[in-house]
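Remarks on the structure that follows.
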Amino acid sequence: MKFIPNIITCLRILASLLILFVPNKWFFPLYFFAGLTDMLDGWLARKMNWTSPFGTFLDSLADLLFFLVVIAKVVLTITLPAFLLWGALTVALIRCISYVIGYFRFHQFTSLHTYLNKLTGLLLFLSPIILLLIAIKTFGIVLLTCALLSSVEELIIVSTTQTLDKNVTTIFQKK
């Protein structure tokens with residue numbers, strides 16, 4: 001039974017990949033399904049005490065894949081202001097540097113579950129709905145600010161912590 005959260009995470013990976021290849025009418029159902037599985041797998045793993053290093057890795061990998069797929073789909077579908085594209089590239093570069101440092105320091109993939117990373121993920125997840133209500137430039141500034149702060153926080157934690165804790169919630173909690 002303790003493998004159920006990992007199966008749910010694998011369903012998120014599948015839904016994320018399908019977003020790239022199915023007609024646009026399937027975007028929102030797959031998008032929200034992936035988002036719901038993201039909330040469900042972690043909650044279930046913690047609630048039932050079924051967490052594992054592999055599950056944490058798989059969840060981080062699924063989050064990254066979902067993010068990249070949605071960004072690719074958005075970039076191919078709508079025209080984004082140049083500052084958002086450059087900002088997103090900056091965030092991606094900071095995250096890549098963080099992952100490389102984490103790999104060399106801890107010999108593993110080091111995506112962290114900080115509050116700022118969760119807030120950034122929530123904003124990204126809600127962005128299709130928020131963009132129906134708020135101009136893309138305004139929301140883009142909010143999202144980009146949060147993403148930059150979360151990626152810099154993760155880089156600082158990975159660069160300075162002595163012991164890796166992927167579930168660290170904030171830079172102020174690091175060990």
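The values are calculated or read from the model by the stated rules, or taken from the named source; none is laboratory data. Quantities reported herein were computed from a predicted structural model and do not represent experimental measurements. With ideal geometry, Cβ positions are generated from the backbone for all residues, glycine too; neighbour counts draw on all protein chains shown.
So that you can scan it fast, the table gives a plain yes or no per residue for (1) modelled with pLDDT of 90 or more; (2) more than 24 Å from residue 9 (Cβ to Cβ); (3) of a type in the set (A, V, I, L, M, F, W, C):
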{"residue": "58", "(1), (2), (3)": "yes, no, yes"}
{"residue": "87", "(1), (2), (3)": "yes, yes, no"}
{"residue": "94", "(1), (2), (3)": "yes, yes, yes"}
{"residue": "113", "(1), (2), (3)": "no, no, no"}
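Have a look at 52, 60 and point out the one that is within 15 Å of residue 150 (Cα to Cα) and hydroxyl-bearing (Ser, Thr, Tyr).
Being within 15 Å of residue 150 (Cα to Cα) and hydroxyl-bearing (Ser, Thr, Tyr) holds for just one of 52, 60, which is 60.
Do we have any residue at all in the range 138-157 that's outside any helix (DSSP H, G or I), modelled with pLDDT of 90 or more and among the β-branched types (Val, Ile, Thr)?
No, that holds for no residue.
Sort out which residues of the range 91-116 are in a loop (DSSP other than H, G, I, E, B) and free of Cβ contacts under 8 Å to residues at least 24 places away in the same chain, and write them in order of number.
Answer for the range 91-116, where residues must be in a loop (DSSP other than H, G, I, E, B) and free of Cβ contacts under 8 Å to residues at least 24 places away in the same chain: just 107.
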